[in-house]
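For reference, the structure discussed in these notes is given below.
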Amino acid sequence: MNKKIKFKLWHLIAIVVLLLSLFLPLPVYIDSPGAAKDVASYVKVNGKKDKSPGAFMLVYVKQMKATPITWLLSFTNKYATRVPAEQERGDYSDKEMQRIQKYYMNSSIAEAKYQALKMSGEDVNRKYVGLYVMSVLKNSDFADVLKVGDVVTQVNGHHYNNSTEYIRAIKDIPVQQKVDVTYERGNKEKSTSGNLVKLPNSSRHGLGITLTDRTKTYSKVPISTDMQNIGGPSAGLMLTLQMYSQLSNKNLLKGQKIAGTGTIESDGQVGQIGGIEQKVVAAKNSKADIFMVPNEPKLRKQNNYKVAKKTASEINAKMQIVPVKNVSQAISFLENTK
């Protein structure tokens, strides 16, 4: 083989290696600090966006499929984590995961509307439609019937008012008894039946389905949202604060950039979220003055507030880390902040 051919061959190999390192997908996802976005750009109350000085900001984690080069580079970022695809997505495709995140966001928006309207003294009603199906165990009798996005509306002919009541009802069903499930897919009502299965890492039996609430909020005050492909439940707190500030006409911002994260529950409690370290970094990079974070002291090392304080100290963030357990506490803090 002459030198010219040899050189061309090595040149081709180098190009192939480079392309593989840049584009070959690995079975790993990289989670890293994302950004903080002004919630006012996504929300309209009475057809109007909030133009007050300052901003309520939701923060998110940037997630990407790893390639050999991005996997290596991720080790240079202390706040990047590498998660096996099987752990991150299970058996679901990217499209299914996007749908799941959308369903979580829809539930979060409905709850944020309800809490904001209620706290601002507006007439509001909440209808509990049922439970979104988010996943089904392979060994479940419903595995080949129920799909992600179906809405369970009845169990054994009974409709319940919240997920807790569904869980209690299922818990009381004898293991050997068939369970009738009524569900909605699109605009069609369907039904199926099957046996309970033993739940993993538990002594209990259940349907083998992961579920989240689907609710609808009704009020004469129109509130619209366009989340532009942002999914998940962790924007609940900031959506609620944004809606409440517009409904109540209270100047909660006082010209400040207020970032935050946390789910919003049916009783107004603020629930824990994932990726708190990355979100603290994102809030700092966006020059937030305040970062509101869920506080669950019983969780100790996993407590969002404790982790957020530690991370803020590590990156020398000057923003104030504020622990909140519920929406009322968050509002009270902002009302009393000068």
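Listed by first and then second residue, the pairs linking a residue in the stretch 91-118 that is touching a residue at least 40 places away in the same chain (Cβ under 8 Å) and hydroxyl-bearing (Ser, Thr, Tyr) to a residue that is open to solvent by 30 Å² or more (accessible area, probe 1.4 Å) and assigned to a helix (DSSP H, G or I), with Cβ atoms under 6 Å apart and 6 or more places separating them unless they lie on different chains, form an empty list. Selection within the stretch 174-189: residues that are in contact with a Lys or Arg (Cβ under 8 Å, 6 or more places away or on another chain) and open to solvent by 50 Å² or more (accessible area, probe 1.4 Å). The member of this set that is nearest to residue 156 (Cα to Cα) is 184. The single condition from (1) at pLDDT below 95; (2) in a helix (DSSP H, G or I); (3) open to solvent by less than 70 Å² (accessible area, probe 1.4 Å); (4) out of contact with any Gly (no Cβ under 7 Å at 6 or more places or on another chain) that residue 71 fails is (3).
Just checking, how many residues over the stretch 190-218 are crowded, with 16+ Cβ neighbours inside 10 Å and closer than 16 Å to residue 160 by Cβ?
Looking only at that region, the number is 8.
Among the residues of the stretch 115-149, those identified as open to solvent by less than 30 Å² (accessible area, probe 1.4 Å), more than 30 Å from residue 327 (Cα to Cα) and not aliphatic (A, V, I, L, M) are 140, 142.
Restricting to the stretch 287-301, give me the number of residues that are without any contact (Cβ under 8 Å) to a residue 12 or more places away in the chain and either in contact with a Lys or Arg (Cβ under 7 Å, 6 or more places away or on another chain) or under 16 Å from residue 262 (Cα atoms) (or both).
1
Residues in the stretch 224-249 that are modelled with pLDDT of 90 or more and over 14 Å from residue 110 (Cα atoms) were compared, and the one that is most open to solvent (accessible area, probe 1.4 Å) is 249. Scanning the stretch 155-191 for residues that are closer than 28 Å to residue 95 by Cβ and assigned to a strand (DSSP E or B) yields 181, 182, 183, 184, 185, 188, 189, 190, 191. Against the test of being over 20 Å from residue 240 (Cβ atoms) and either modelled with pLDDT of 85 or more or in a strand (DSSP E or B) (or both), the options 123, 144 yield a single qualifying residue, 144.
The values are calculated or read from the model by the stated rules, or taken from the named source; none is laboratory data. Small disclaimer: the values here were computed from a predicted structure and weren't measured. When we count neighbours, we look across all protein chains shown, and the Cβ atoms used for this are built from the backbone with ideal geometry, even at glycine. To get the accessible areas, we keep the full protein, side chains included, count just its heavy atoms, and leave off ligands, DNA and RNA. Shrake-Rupley method; radii C 1.70, N 1.55, O 1.52, S 1.80 Å.
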